[in-house]
1. Could you tell me how far the Cα centroid of segment A:242-320 sits from the Cα centroid of segment B:6-32, in Å?
2. How compact and how long is the protein assembly as shown, expressed as Rg and Dmax of its alpha-carbon atoms in Å?
3. Distance from the Cα centre of segment A:102-164 to that of segment B:236-273, in angstrom?
4. Please report B:235, B:245 as a ranked list, fewest other C-beta atoms within 10 angstrom at the top and most at the bottom.
5. Let me have the 222 nm mean residue ellipticity of chain B computed from DSSP H runs of 4+ only, each contributing -39500 (n - 2.57), with the sum over all residues rounded to the nearest 500.
6. Write out the trypsin sites (Lys or Arg not before Pro) in segment B:125-188 meeting two conditions: DSSP loop, and at most 14 other Cβ atoms within 10 Å of their Cβ.
7. Could you work out how far helix B:64-79 tilts from the main Cα principal axis of chain B, as a 0 to 90 degree angle to the nearest 10?
8. Step through the table entries B:205/B:335; A:171/A:244; A:146/A:310; A:136/A:206; B:166/B:269, compare each Cα-Cα distance with 19 Å, and write down the pairs that go over it.
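Read the figures in this text as sums done on the coordinates, not as results from a lab. Note that this is a predicted model, so its numbers are computed, not measured. With ideal geometry, Cβ positions are generated from the backbone for all residues, glycine too; neighbour counts draw on all protein chains shown.
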Amino acid sequence: MPIENFEDFIKRVLEIVFWVLVFSPLVIFPLIFIVLPSMMGLIGIMIPGPIGVNDILAALADPLKSIPIMTEFMKTDFFKIAVFPGFTWAALIATGAILIERKLLAKMQLRVGPLYAGKFEGVLQPIADLLKLIAKEIIIPRRADKLAFWCIPFAAMAVGGALLAIVPVSKQWVVTNLDVGLVVAFAIMSFFPIIALVAGWASNSKYPFLGGLRALHQMVSYEIPLLLSALGVAVLAGSLNLVKIVETQSSIPFLLVQPLGAIVFFIALMAELERIPFDLPEAEPELVAGWMTEMSGMLFGVTQLAVYVKFYALAGLFTTLYLGGWYGPQILPPEMAEANAVIWFTVKTLAVMVLMMVPRGTMTRIRIDLMLKAGWGRLLFLAFVNIFIAIVVVQLGIVPR
Amino acid sequence: MTLSVGPQHPGSGHFRLIITVDGDIIVKAEPDPGYVHRGEEKMAEVRNYIQNIPHIERPSIIDASGILYPYVLAVEDLLGKSAPERAQYIRMIMAELNRITSHLYFLSIFGIFLGHSTMFMWPMGDREVFIDLSQMIGGTRITFSHFVPGGVRSDAPDSFADKAEKTCDYFEGRLKEYERIFVNNPLCHQRTVGVGVLTKEDAIKLGVVGPSLRASGVKSDTRRDEPYDAYDKVDFEVPVYSEGDSYARLRVHFDEMRQSMSIIRQCIKQMPKGPVKQKLPPQLRPPAGEAYARTEAARGAMAYYIVSDGGNYPYRLKMNVASFRNLIAIPYLLKGVHLADMPTVYWGLDYWPVEADK
């Protein structure tokens, strides 16, 4: 956008301010919380606990003294939301997942994939893509509903991020430990079809609208088998608290007790995430790019990031419900039990994500009527069967409650 | 709701389909061709017989030999000359190589239209080995301008037979993998079986040609029915399926590649030594008269009608291309199918807009 007069200049400045506001929760806040404590004493006022301003001033002179301050910081809720189990961590994993997906798909198709950005196998490709997307002009259709159109990427990000808050990475690293965590997860999930529909409607264009309608149909009809299959886990664990569900699996992951439920949950999750073979809302030859057709530049970037954050969060939910969350053999020294738990959770979640990426190379897209038939006819039935299996298992007393 | 699919849409070529949908069902589909019309027939009237060769193969560059073949045959008919025997075999090899590359292109686009991206990449990669092979004879990768009246421009090198044999062996193994991952894939069955059914009677009435006609149960192949060059000396089968749906069309393309490879192998065995070109004057002046030639190109019967008034230029040249013959079936087949099946049906007919617009 060339700057020709004062109005353009103001617009440009506002645009920059806008992006700074967008990225501050992702990048700047984590930086502030890690770097500044060792440099600025004033921040210390915000810290609860025994550390005073004098300690922070001392830390300015001696970096070693900043360690306890940082440990205090890591206990704050803000750190949890913005940095570790929350946004930055999820955004990192999401961009990593995009890269992994591209490389994996390329290897399956006898290609090389991203190769030149970064010294090794194109590891910096996500950063290059981010810079490209920021540099692009944002084009909004003239008759689009501007407010709704601008809100979509951030609403998608907010909903995806809300899921992060309840998925426990380890016993300590969970943002909110709710007693009804599982119900809340499904409550948040029911926002996705609304976002897709509003995105399609706000674009005021035919292909996005058809895509939004398809997303609505697909997500609503696959949410029910998803919920019912997760009910089996709730019956087994006797709790809706996700942390408690994981703790019940300390001896045996529910995948072995509930294989049918896990399969139904996995398939329904693929549909919920719009991944091939269920990527009908973005079916390329028919609907161009589905409800994201009119998105451009960073609006598209944020939406795409939100989709992958959601991907990570739901894969984490699968790990929590069926793969025993953070439990795993101790590979680190015993005093680092927390790190061990985080590593196991991440490895399991990434494995689930990779498993969801593989069909993209081996399957064709399914048709909407066949998909709805499969969802309402078969998955729903299997999910009901699964609940009875869970009840039988509980009655036999295989799983300790 | 009326949707304008194309000309800038990932699911159309250089042409437009105006589709009226009721919910997810297509009520009416109107094809709107002509975006890449280049006036090939008129252009041919102001160029001499040799100058016509390069521009005639442009409408269908992925099947460049196929679209040029009948032109060369028709001009030879006008001149009353015929190509040396070796040249006839080389032409057949080139035509079959082009058939394979064109069918691989078909397969890959069919794959991406079904959302199967691996099936987009693999045939595109394997197409490259056949392009290399035809480059050994033709000299360039796709637009060879290799056939000339009275023979071919250049001979096949000695190493060709060996390399062709190796390539065919490699590709037969790959075809099995394609079958495993794509053609026999249950999701692919679900998407294509029973979709866009063209019955035998309708196919004959509409005048559909090529693989689409054979998929509807009509055993019609110009190579078998009216053999030209040395096609009567090679032994091959014409794959025919009676279902007439998108899956049958996919299978016909698939089986034809196997038959093409068998033809190439037989040609290499039977090919005699000798010249590949008759001496003809650089400025061809066929006697006044008319000629008609028909061949089987990758997309179906391809026919040329040339009228000569004894001058340097053709008086009139009429191209009858396969894609344009199949265009008429698109609105007929799309009526009543799901919007999601539109790409499958449309591309299943192997419609190539550039070829149809001439």
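1. 31 Å
2. Over the protein assembly as shown's Cα set, Rg and Dmax evaluate to 32.0, 108 Å.
3. Distance between centres, Cα-based: 44 Å.
4. B:235, B:245
5. -14500 deg cm²/dmol
6. Within segment B:125-188, the qualifying trypsin sites (Lys or Arg not before Pro) (loop, at most 14 other Cβ atoms within 10 Å) are B:141.
7. Once rounded, one gets 40 degrees.
8. Among B:205/B:335; A:171/A:244; A:146/A:310; A:136/A:206; B:166/B:269, the Cα-Cα distance tops 19 Å for A:146/A:310; A:136/A:206.
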